[in-house]
Structure formats: structure tokens, C-alpha cells
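So the structure is just underneath, and the comments pick up after that.
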Amino acid sequence: MNKIENGLMTALGQLPISNSISKLIVCDYCKKEKKQVLRHIPLVGKRWTVNACKCEIDKIDEMRREQKQREKLIRIERALKLSSTNTELRNMTFSNFNVRPGCEQAVTEIKTAVNDFVQRGRLGVFIFGETGNGKSHLTTAGANELIERGYSVIYLTEKDLYSRLQETKRFSNKETLLEIMNACLESDLLIWDDFMSSQRLTDDEKDWTFQIINGRERANKPIWMTSNLTPEEFDHPSTRYRFDNKERTWWRLLGNMNCVYNRATNYRAVQAMERIKGMMRDEV
């Protein structure tokens, strides 16, 4: 059989063989007999072909998915090398998260977002509340669970994101604006920590925020955000107008989010006071 015939057969997902039917042919994976069919091939004529086994097709599809995932992870890691805190973040899990009164709803929401990740599509999570009450730990624990399942995740604080994008204006900077934006848009999950921690946004920062939120909405991919907003700030008109005078960024964001108020108190403050009290007892 010539190269043209082989190419046609490959395109059809079939194994070409001679003009006469062959002996028993079995699948390399399941060891079951493959079906041989006499087909009319354009420009070739009638030929006996072997149907690909379903497990062979599944294996090829799996290899393609794994290859695409590897390529995506390489692109993201090259575009955004996380800071030294990355090691600390990878150690944050659900098992070492201290569930305290007031954060139960947030815990349930993140665990649901992990378990139903594919079905939820672009539906993200917005957790807001007092600083130091476990919002970052909780979202990071969910992210680590997804990473273990093979999903690509980018974790960035707002200040880090804006500073990286701002630095792309420098000629000597190794990261380009396109690389960073593409990484934020291509990752399966983007975690935006300390959202709205910047008191005043430049026009560039407002534009970058809209591009990322709008881009991920179009790509049907979620964002998980944490914020130190109080309930009063969350509902205040000035918050909605911070990004643009038509509120389009704010409502586009909330339209793709489940918003949860984490009522837990500042755990860092509790730990600090316990250490202080312990030191005072030691001195006595």
C-alpha cells in the first residue's frame, strides 16, 4: 500500500491492510479481536480495514489531553514564576485548616467548588471578611487539591499582579504583558488574593482588571477571590464605581461569583495574643 493510501487510512482512524482479509487481529490493550471491514476508499478502491478499538482511541485521547496539560503548565510556569512563598502555599491543605466559628459557609463553598469544578464552569468564589481569618489558606487548600487532580492554577496577590504587569513597561523586563495576561487567562483557575487591597487604581490597573475578568468569563473559567472588605464596604456604591463609572467591571465580576462573607475573627491576632500571654507568664 502506498503513502497516499496510508495517509487516507490514518485520517479515517483505521489501520490499512492488504486487499485480502487478515487473520485474527487483537487490541494491544484489551486483547479483544478487532473488527475488519471492507470499505470503499476514495482514490484507492475497496480495501480491508481494521476498526480501532475503543480503548485505543481512549488511550490516544488521554495522551493528547496530558500533552496539552503539560504544555499549558510549562507556558504558565514560564510566564509567572511565583515567589518564594510558593512552598508555604503548597503546604496549606483542608486537613491543616482550622475551622473556626463563622467560616463554615466559606469552607463548604470552596470544597463544593473543588468537587464540582468542571460542572461549575466560570462560576467562581468571592470570599470577603476580616483580615487574617483564613480566607487565603482556604482558597489555597482548594487550589492544591485541584493541582493534585491535574489542573493548572495561578495564585497571585493583587499587588504582585499589578506590579508584574507594571514592570512589563520596562525594556529590560523579562516578562511581557502578553505572557502574563495569557497565563492569567489560560490557567484552569486563577486565585486573586487580597482583591481591592489597592486604595487607588491607575487607568492601566482598571483596564487590566477588566481584561482578566472579561477574558476568563468568555473562556468559561473561574476566578477565586479573597478580599478584606467589610459587609458595609461590599455593599457601598463607592466600591462598585472603583473600577469604572458604569459599574460594568463590578457586576460582571459578581455575575460569575458565589459571594460568601467569612465571619470568623482574625486568627493571626488570636495567635499573636496567645504568644504574648505565654511570654508574660514565662516572665512571671
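The values are calculated or read from the model by the stated rules, or taken from the named source; none is laboratory data. Quick caveat, the model's predicted, so the values are computed rather than measured. Please note: Cβ atoms are built from the backbone with ideal geometry, for glycine as well, and neighbour counts cover all protein chains shown. When the accessible area is computed, the model is the full protein with side chains, heavy atoms only, and any ligands, DNA or RNA have been set aside. Shrake-Rupley method; radii C 1.70, N 1.55, O 1.52, S 1.80 Å.
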Two pseudo-spin positions, 7 Å from Cα along C-beta at T202 and at V26, lie apart in nanometres by 6.8
Measuring with a 1.4 Å probe in the full set of protein chains, what accessible area per residue, in whole Å², belongs to the range 143-279?
54
Within the range 218-248, trypsin sites (Lys or Arg not before Pro) in DSSP loop having at most 10 other beta-carbon neighbours inside 10 Å
K246
To the nearest 0.05, how large is the calculated FRET efficiency for L38 and R149 if R₀ is 41 Å and r is the Cβ-Cβ distance?
0.40
Which entries of K169/K206; K111/K135; K32/K59 have Cα-Cα distances beyond 18 Å here?
none
Please compute P(r) over all alpha-carbon pairs of the range 96-214, binned at 5 Å starting from zero, and give each bin as a whole-number percent.
2, 10, 19, 21, 19, 15, 9, 4, 1, 0
Using 0.36 nm per residue, how much length does the chain from Q166 to D116 gain when fully extended, once their Cα-Cα distance is taken away?
14.5 nm
With +1 at each Lys and Arg Cβ and -1 at each Asp and Glu Cβ, the charge dipole magnitude of the range 127-238 around its Cα centre, to the nearest 20 debye, comes out at 320
Stokes-Einstein translational diffusion, the range 199-274 - Kirkwood Rh over all Cα pairs, 1.002 mPa s, 20 °C, in µm²/s:
150
Listed peptides 256-265, 128-137, 90-99, 108-117 by packing density, highest first (mean Cβ within 10 Å):
128-137, 256-265, 108-117, 90-99
